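These notes concern the structure reproduced below.
The values are calculated or read from the model by the stated rules, or taken from the named source; none is laboratory data. It should be emphasised that the depicted structure is a prediction, and the values quoted were computed from it without experimental measurement. All Cβ positions, glycine included, derive from the backbone under ideal geometry; neighbour counts span all protein chains shown. Note: areas computed on protein heavy atoms with side chains; ligands, DNA, RNA excluded. Shrake-Rupley method; radii C 1.70, N 1.55, O 1.52, S 1.80 Å.
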Amino acid sequence: MNEDLKANLSGSPRDSDAGAVAENVSAAVSSQFPEPDPELVVNPWDIVLCTSGTLISCENAIVVLIIFHNPSLRAPMFLLIGSLALADLLAGIGLIINFVFAYLLQSEATKLVTIGLIVASFSASVCSLLAITVDRYLSLYYALTYHSERTVTFTYVMLIMLWGTSICLGLLPVMGWNCLRDESTCSVVRPLTKNNAAILSISFLFMFALMLQLYIQICKIVMRHAHQIALQHHFLATSHYVTTQKGVSTLAIILGTFAACWMPFTLYSLIADYTYPSIYTYATLLPATYNSIINPVIYAFRNQEIQKALCLICCGCIPSSLSQRARSPSDV
């Protein structure tokens, strides 16, 4: 009988109610005071992209400051180089902001603003490269009339068009063309839609084809000019061949670097979507950022006038090797 009494007491409704109340109180306390989140894990690829953005920003900031503070660097060529440096500078800042927002201030608004800045800046960078190619072609094809007021006006028109187009592309995700509400439409770069990424990729391929055609024409003009100079100054055929080969090699390096940096990510964006592993996106996007690191070396620091301005800022003098250096047909 004692055992039956114990069994009845242990299974009484009063005890069951008390246990349920205790569980409810515990759940309420847990909801008011949630357990601390696990330690935030930073993706190493994001660290690499942020480091790349820092290097891009520092390098291109130097070019922007040199062109902005030097009144003699106002020719169309320097305006376009300055546009390229400014676009790459904004791209580097966008990569840094993306890292900060991704781990410190996560929200839909910050995602849209960051991706809009990155799209606009990289679009302006690629468009500036195309504009520089057009300017180089015009400077060789219309050598006698290139240094005219019409060329300056045309340069400003190109700058307005390329920056206007780039800003519009960057505003598309912010204005609603994104995949935040429908993940099935996402591209490899969230929150860009698959259609948005396809338009950007096809536009890049079109501009690359146009640059390739222009550089082929530039090559022909350089070879013709080098041959004419060799005949006028009675140079040896070997000297003419070396000069021409140097010019062609320079153009091949410029175009090859551009294609090697951007082509992997462009093609991957066309064939892949959000279901693909993110490591492929990082692996193809990282070389594209390297193009903004290489651009100042190819287009700015190789330029004789910018070299002089940089030497004046750093040491207050111009080396004799720069002041006596003459421009050759290979300097394209």
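Only one of Met158, Met211, Met207 is part of a helix (DSSP H, G or I), under 25 Å from Leu79 (Cα atoms), touching a Phe, Trp or Tyr at 6+ places or on another chain (Cβ under 9 Å) and in contact (Cβ under 8 Å) with a residue 40 or more places away in the chain; which?
Working: Met158 fails: touching a Phe, Trp or Tyr at 6+ places or on another chain (Cβ under 9 Å); Met207 fails: touching a Phe, Trp or Tyr at 6+ places or on another chain (Cβ under 9 Å).
Being part of a helix (DSSP H, G or I), under 25 Å from Leu79 (Cα atoms), touching a Phe, Trp or Tyr at 6+ places or on another chain (Cβ under 9 Å) and in contact (Cβ under 8 Å) with a residue 40 or more places away in the chain holds for just one of Met158, Met211, Met207, which is Met211.
What is the residue count in region 278-302 for residues that are of a type in the set (S, T, N, Q) and closer than 12 Å to Leu84 by Cβ?
Of the residues in region 278-302, 3 are of a type in the set (S, T, N, Q) and closer than 12 Å to Leu84 by Cβ.
Among the listed residues Ser166, Ser148, identify the single one that is over 25 Å from Tyr268 (Cβ atoms) and open to solvent by less than 70 Å² (accessible area, probe 1.4 Å).
The match here is Ser148.
Matching residues to (1) closer than 13 Å to Thr155 by Cα; (2) open to solvent by 30 Å² or more (accessible area, probe 1.4 Å); (3) in a loop (DSSP other than H, G, I, E, B):
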{"residue": "Ala109", "(1), (2), (3)": "no, yes, no"}
{"residue": "Leu112", "(1), (2), (3)": "no, no, no"}
{"residue": "Leu117", "(1), (2), (3)": "no, yes, no"}
{"residue": "Ser121", "(1), (2), (3)": "no, no, no"}
{"residue": "Val134", "(1), (2), (3)": "yes, yes, no"}
{"residue": "Leu138", "(1), (2), (3)": "yes, yes, no"}
{"residue": "Leu144", "(1), (2), (3)": "no, yes, yes"}
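For the list (1) at pLDDT 85 or above; (2) part of a helix (DSSP H, G or I); (3) open to solvent by 90 Å² or more (accessible area, probe 1.4 Å), I need the number of the one condition that Tyr241 fails.
Among (1) at pLDDT 85 or above; (2) part of a helix (DSSP H, G or I); (3) open to solvent by 90 Å² or more (accessible area, probe 1.4 Å), Tyr241 violates only (1).
Against the condition among the hydroxyl-bearing types (Ser, Thr, Tyr), outside any loop (DSSP other than H, G, I, E, B) and either more than 30 Å from Tyr282 (Cα to Cα) or without any contact (Cβ under 8 Å) to a residue 12 or more places away in the chain (or both), how does Thr153 come out, does it pass? Give the steps one after another, and end with the answer.
Numbers: among the hydroxyl-bearing types (Ser, Thr, Tyr): yes; outside any loop (DSSP other than H, G, I, E, B): yes; either more than 30 Å from Tyr282 (Cα to Cα) or without any contact (Cβ under 8 Å) to a residue 12 or more places away in the chain (or both): yes.
Answer is yes for this residue.
Report, by residue number, each residue of region 286-332 that is closer than 15 Å to Phe258 by Cα and either more than 15 Å from the chain's Cα centre (by Cα) or modelled with pLDDT under 65 (or both).
Scanning region 286-332 gives Val297, Ile298, Tyr299.
Which of the residues that make up region 274-317 are surrounded by fewer than 14 Cβ atoms within 10 Å (Cβ to Cβ) and not in a helix (DSSP H, G or I)?
Across region 274-317, the qualifying residues are Thr275, Tyr276, Pro277, Arg302, Gly316, Cys317.
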